[in-house]
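The values are calculated or read from the model by the stated rules, or taken from the named source; none is laboratory data. Everything numeric in this text was worked out from a predicted model, so none of it was measured. Using ideal geometry, Cβ is built from the backbone for each residue, glycine included, and neighbour counts are taken over all protein chains shown. Accessible surface is based on the protein model in full, side chains and every heavy atom, while ligands, DNA and RNA are left aside. Shrake-Rupley method; radii C 1.70, N 1.55, O 1.52, S 1.80 Å.
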Amino acid sequence: SNALLLTDRYLFSATTPKYGNGIDNVQSILDTLLPKKFLGEYHITIVFDNENKNNNYKFNDIVYLLDNVKKTLHRDYPIIMEILGITPDSDIYDELQNRRIVSNYYIVKVEHKLAAFNKNVSTCLKTITPQVIFTIDSLNKNSTPPLKAIDHAISTIREFSKTAQNNNDYYYALNGK
């Protein structure tokens with residue numbers, strides 16, 4: 001894996017551990033999923049609804065906190081982190097309703113929210129479904145391969161980036177800036 005895409009419109013809607021602090025959960029997710037050793041740059045993109053974040057957060061606060069998370073991961077390779085705060089007017093808003101973690105090797109579909117833990121204790125009932133690119137059922141043509149969901153998520157972001165400079169319905173940061 002050389003990249004992760006995390007999408008959850010409500011990722012930063014809570015700031016307290018009881019309801020699943022998004023910053024803490026992103027740190028746990030990244031610490032678990034990023035390789036311990038890697039050659040090259042590792043790319044992370046986090047997409048959330050900038051209007052449905054907790055009132056205690058401003059976009060720049062989230063960017064600052066996530067940049068600090070990146071530094072605490074203690075990986076020996078460069079991590080490129082993009083933060084995309086979309087609005088309900090954004091072209092991709094409806095496309096990113098589903099909460100997921102996308103890699104080039106797997107997808108993790110999350111039923112309720114990514115920020116669902118306080119340390120190792122769940123803050124809500126939820127289903128987390130990890131899937132590799134192909135499943136036995138998809139190879140036997142009995143179901144759609146998870147690769148289609150991965151491709152859809154990536155193409156949604158790719159299409160948005162092509163028109164982003166013509167839109168005012170998003171906030172963007174790269175590596176803490």
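Think of a 1.4 Å ball rolled over the protein heavy atoms: region 1-69 then has 47 Å² of accessible area per residue. Over region 31-80, the Kirkwood radius and the radius of gyration, each from Cα atoms, give a ratio Rg/Rh of 1.04. Just to be sure I understand: of the beta bridges DSSP finds with both ends in the chain, what percent are antiparallel, rounded to 5? Among the beta bridges of the chain, antiparallel pairing accounts for roughly 60 percent. Averaging 1/r across all pairs of distinct Cα atoms in region 44-108 and inverting the result yields a Kirkwood radius of 13.5 Å.
Summing +1 for each Lys or Arg and -1 for each Asp or Glu among the other residues whose beta-carbon sits under 13 angstrom from that of G40 gives 0. Computed from the C-alpha gyration tensor, the three semi-axes of the ellipsoid equivalent to region 1-87 are 23, 13, 11 Å, from longest to shortest. Using only alpha-carbon positions in the chain, the gyration tensor eigenvalues give semi-axes of 23, 20, 18 Å once each is multiplied by 5 and square-rooted (largest first).
The portion of the accessible surface of the chain made up by carbon and sulfur, rounded to a whole percent, is 50 (1.4 Å probe; DNA, RNA and ligands excluded).
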